[in-house]
Amino acid sequence: MKKTFYTVAMLLVFLFICSSCSHSESEVPKDVIASVNGEFILKSEIDPVFQQYKDTNITYEKIVEDTILEILVLQQAEQFNVSISDKELDEIILKYKEEQPDLYNDSVSVYGMDSLRNKLKDRNTFELVKNSYMNQLKIESSLIHDFRMQPEFDGYLDNVDDETIKTTLDKELRLFAFQQWMTELKKQAKILYY
């Protein structure tokens, strides 16, 4: 329960940041930190998030970088035919209100209902894109090799065959591939830091 609360809170924080409006490059807001394919990340949006996490190991830079990745994934929604209807969004909001009433009430008071709707739509769109990417992923030996070579395994998987890794660590492989995909999206994106 505590882990779910933390996950939902973190997603709301990041999606709060991601909900900044897209502007043309000639209309750069005064407190812009970065733009991601023309969508701005504002200092006024990052600062409150950083204040919430200042007593943790989460750095300001990490919040900005995670926000960039979130925006890049949201920008892929159309490619994956992902959208959320108003009816679906109403159901998401009702479920959120019923399952986490305190967090829901806090979120409404902090963001307002319209902004919260947008944030929940973004959060759920992100998850749908992520799931679509991971579900359609074909796991090949090159992915397993890259997964196996991660420093945290320290050779532990060297003697484990590909099929065993694929079978027993399927979810972890897919999450690893998703992280790699976000990194590739970032390399291909037009990201400007101000």
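The values are calculated or read from the model by the stated rules, or taken from the named source; none is laboratory data. Values in this document were obtained by computation on a predicted structure and should not be read as measured data. Quick reminder, even Gly has a Cβ in these numbers, built from the backbone with ideal geometry, and neighbours come from all protein chains shown. Heavy atoms of the whole protein, side chains included, go into the accessibility calculation; ligands, DNA and RNA do not. Shrake-Rupley method; radii C 1.70, N 1.55, O 1.52, S 1.80 Å.
Counting the residues of region 128-149 that are farther than 30 Å from LYS97 by Cβ, in a helix (DSSP H, G or I) and open to solvent by less than 40 Å² (accessible area, probe 1.4 Å) gives 4.
Scanning region 150-164 for residues that are part of a helix (DSSP H, G or I) and aromatic (Phe, Trp, Tyr) yields a single hit, PHE153.
Taken over region 20-41, the residue count meeting the criterion of being within 17 Å of the chain's Cα centre (by Cα) and at pLDDT 85 or above is 7.
Take the conditions (1) within 27 Å of GLU184 (Cβ to Cβ); (2) outside any helix (DSSP H, G or I); LYS54 misses just one of them, which is (1). Check region 150-172 and report whether any residue there is surrounded by fewer than 11 Cβ atoms within 10 Å (Cβ to Cβ) and either closer than 18 Å to LYS130 by Cα or among the aliphatic types (A, V, I, L, M) (or both). Yes - at least one qualifying residue is present in region 150-172.
Return yes or no: is GLU70 open to solvent by 30 Å² or more (accessible area, probe 1.4 Å), of a type outside the set (Ser, Thr, Tyr), under 16 Å from the mean Cα position of the chain (by Cα) and closer than 16 Å to ILE33 by Cβ? Considered against the rule, which asks whether it is open to solvent by 30 Å² or more (accessible area, probe 1.4 Å), of a type outside the set (Ser, Thr, Tyr), under 16 Å from the mean Cα position of the chain (by Cα) and closer than 16 Å to ILE33 by Cβ, GLU70 comes out as no.
Taking the condition surrounded by 12 or more Cβ atoms within 10 Å (Cβ to Cβ) and closer than 27 Å to LEU192 by Cα, does LEU89 pass? Before you say what the answer is, go through the steps one by one.
Values: surrounded by 12 or more Cβ atoms within 10 Å (Cβ to Cβ): yes; closer than 27 Å to LEU192 by Cα: no.
Criteria not met by LEU89.
From the list THR125, THR167, THR183, the lone residue that is part of a helix (DSSP H, G or I), more than 22 Å from ASP66 (Cα to Cα) and of a type outside the set (Phe, Trp, Tyr) is THR167. The residues listed here are GLU98, GLU78, GLU88; of these, the one that is at pLDDT 95 or above, more than 30 Å from THR167 (Cα to Cα) and in a loop (DSSP other than H, G, I, E, B) is GLU78. Among the residues making up region 146-159, those that are free of Cβ contacts under 8 Å to residues at least 12 places away in the same chain and not charged (D, E, K, R) are MET149, PRO151, PHE153, GLY155, TYR156, LEU157, ASN159.
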